[in-house]
Amino acid sequence: DGGITQSPKYLFRKEGQNVTLSCEQNLNHDAMYWYRQDPGQGLRLIYYSQIVNDFQKGDIAEGYSVSREKKESFPLTVTSAQKNPTAFYLCASSGPGRGLFFGSGTQLSVL
Amino acid sequence: SQQGEEDPQALSIQEGENATMNCSYKTSINNLQWYRQNSGRGLVHLILIRSNEREKHSGRLRVTLDTSKKSSSLLITASRAADTASYFCATDGNNDMRFGAGTRLTVKP
């Protein structure tokens, strides 16, 4: 079955630590996206990538980094510079002119 | 900044009634999409309407788009308790999909 997989489902970060959230898709989609969702809020765009080895900052990129070395993978690193990282993180992918397919999300909390 | 803004923020109706949610956006778009999210889950794509379309149907869903007013509406007819969820509009302006804050719909049995 084609789909998009995020891992882990829950993640805890200690102060000063970098953590990486995984996002893998086997839909052969070129475009991939990372969003942050705070409780009761909408989605805010962190980073997006339209093609391998290229990505652009979204509205809230500070404190985050990404890479797109493979078409299937778009990992997100939450760095120690992100002072308020507790949130629900959603990864998505899409084909041209199509809707987004979302993963099931990663809940990140600070210890 | 969020591109779309949904209205109302919350909506509570009885099963069998229709639910209408509105979305306004700021800049030109290629298409507008509606999504549903059940609590703690990823979003599910419902329907996409292109900028040159005015109305689209999918089952119990009807979406309209008015590009002159930069607004869209989502109508869910004959609602069911299972329709209880948050609904978001998203705009695709430059291949950077941006979402509004959502409408929380509660359908009472």
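The values are calculated or read from the model by the stated rules, or taken from the named source; none is laboratory data. Just so it is clear, the model here is predicted, and its values are computed rather than measured. Note: ideal-geometry Cβ built from the backbone for every residue, glycine included; neighbour counts use all protein chains shown. Side chains included, ligands, DNA and RNA excluded: accessible areas come from the protein's heavy atoms. Shrake-Rupley method; radii C 1.70, N 1.55, O 1.52, S 1.80 Å.
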Work out which GluC sites (Glu not before Pro) in chain B are exposed loop sites (DSSP not H, G, I, E or B, at most 15 other Cβ within 10 Å) and give the longest gap free of them.
B:54-109
B:S28 to A:S80: FRET efficiency via 1/(1 + (r/R0)^6), r the Cβ-Cβ distance, R0 45 Å, to the nearest 0.05?
0.70
For the pair A:I60 and A:L111, the simple spin-label estimate (label points 7 Å beyond Cα toward Cβ) gives in nm 2.4
Roughly to the nearest percent, how much of the accessible area of the protein assembly as shown is carbon and sulfur, given a 1.4 Å probe?
45
J(HN,Hα) series, the stretch A:61-73, from Karplus relation 6.51 cos²θ - 1.76 cosθ + 1.60, nearest Hz, glycine and proline x
6, 4, x, 10, 9, 9, 9, 9, 7, 10, 4, 7, 10
Treating only the Cβ atoms of Lys and Arg (+1) and Asp and Glu (-1) as charged, compute the dipole magnitude of chain B about its Cα centre; round to the nearest 20 debye.
120
How high is the relative contact order of chain B? Use alpha-carbon pairs under 8 Å, at least six apart in sequence, and give a whole percent.
40
Once phi is turned into θ = phi - 60°, what whole-Hz ³J(HN,Hα) does the Karplus curve with 6.51, -1.76 and 1.60 give for every residue of the stretch A:104-111, x standing for Gly and Pro?
8, x, 10, 8, 9, 10, 9, 7
Among the trypsin sites (Lys or Arg not before Pro) in the stretch A:5-97, which ones are in a DSSP loop with at most 11 other Cβ atoms within 10 Å of the Cβ? Mind listing them?
A:K9, A:K14, A:K83
Using protein heavy atoms only (no ligands, DNA or RNA), what is the total accessible area buried between A and B, 1.4 Å probe, nearest 100 Å²?
1500
Hey, if you put +1 on the Cβ of every Lys and Arg and -1 on every Asp and Glu Cβ in the stretch A:1-102, which of A:L100, A:N84, A:W34 ends up farthest toward the positive end of that dipole?
A:N84
Over the protein assembly as shown, with the other protein chains present, what is the accessible area per residue in square angstrom, probe 1.4 angstrom?
48
